[in-house]
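K.L.:
Dumping the structure here so I can ask a few things about it.
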Amino acid sequence: MQAALLDTDTLNEVLKQKNANVVQHATNYLKQHGQFAISSMTRYELLRGRSW
């Protein structure tokens, strides 16, 4: 599995842990890469919350 940059929507799904398929993919990704990669915009959106 190649390293990937998670967008805000995908990271939100991982954090909610409601979708078993997303959680499984995230778990597998973390086992291989050790951490998620996110952009500064994703970090901003998570900290601030979306207004649109």
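K.L.:
Identify all residues within region 14-38 that are part of a loop (DSSP other than H, G, I, E, B) and in contact with a strand residue (DSSP E or B) (Cβ under 6 Å, 6 or more places away or on another chain); write none if there are none. Don't jump to the end; show me each part of the working.
P.N.:
Going residue by residue through region 14-38, those that are part of a loop (DSSP other than H, G, I, E, B) are 17-19, 34-36.
Within region 14-38, PHE36 is the sole residue that qualifies.
K.L.:
Give me a count of the residues in region 39-52 that are within 13 Å of the chain's Cα centre (by Cα) and in a loop (DSSP other than H, G, I, E, B).
P.N.:
So the answer is 1.
K.L.:
Additional query: Within region 1-13, how many residues turn out to be part of a loop (DSSP other than H, G, I, E, B) and either under 13 Å from ILE38 (Cα atoms) or out of contact with any helix residue (DSSP H, G or I) (no Cβ under 8 Å at 6 or more places or on another chain) (or both)? Break it down into steps so the answer makes sense when it comes.
P.N.:
Going through region 1-13, the residues part of a loop (DSSP other than H, G, I, E, B) turn out to be 1-4, 7.
Checking which are either under 13 Å from ILE38 (Cα atoms) or out of contact with any helix residue (DSSP H, G or I) (no Cβ under 8 Å at 6 or more places or on another chain) (or both) leaves us with 2-4, 7.
Summing the residues that are part of a loop (DSSP other than H, G, I, E, B) and either under 13 Å from ILE38 (Cα atoms) or out of contact with any helix residue (DSSP H, G or I) (no Cβ under 8 Å at 6 or more places or on another chain) (or both) in region 1-13 gives 4.
Computed from the coordinates by the stated procedures, all read-outs in this text should not be read as laboratory data. Source: prediction; values computed, not measured. All Cβ positions, glycine included, derive from the backbone under ideal geometry; neighbour counts span all protein chains shown.
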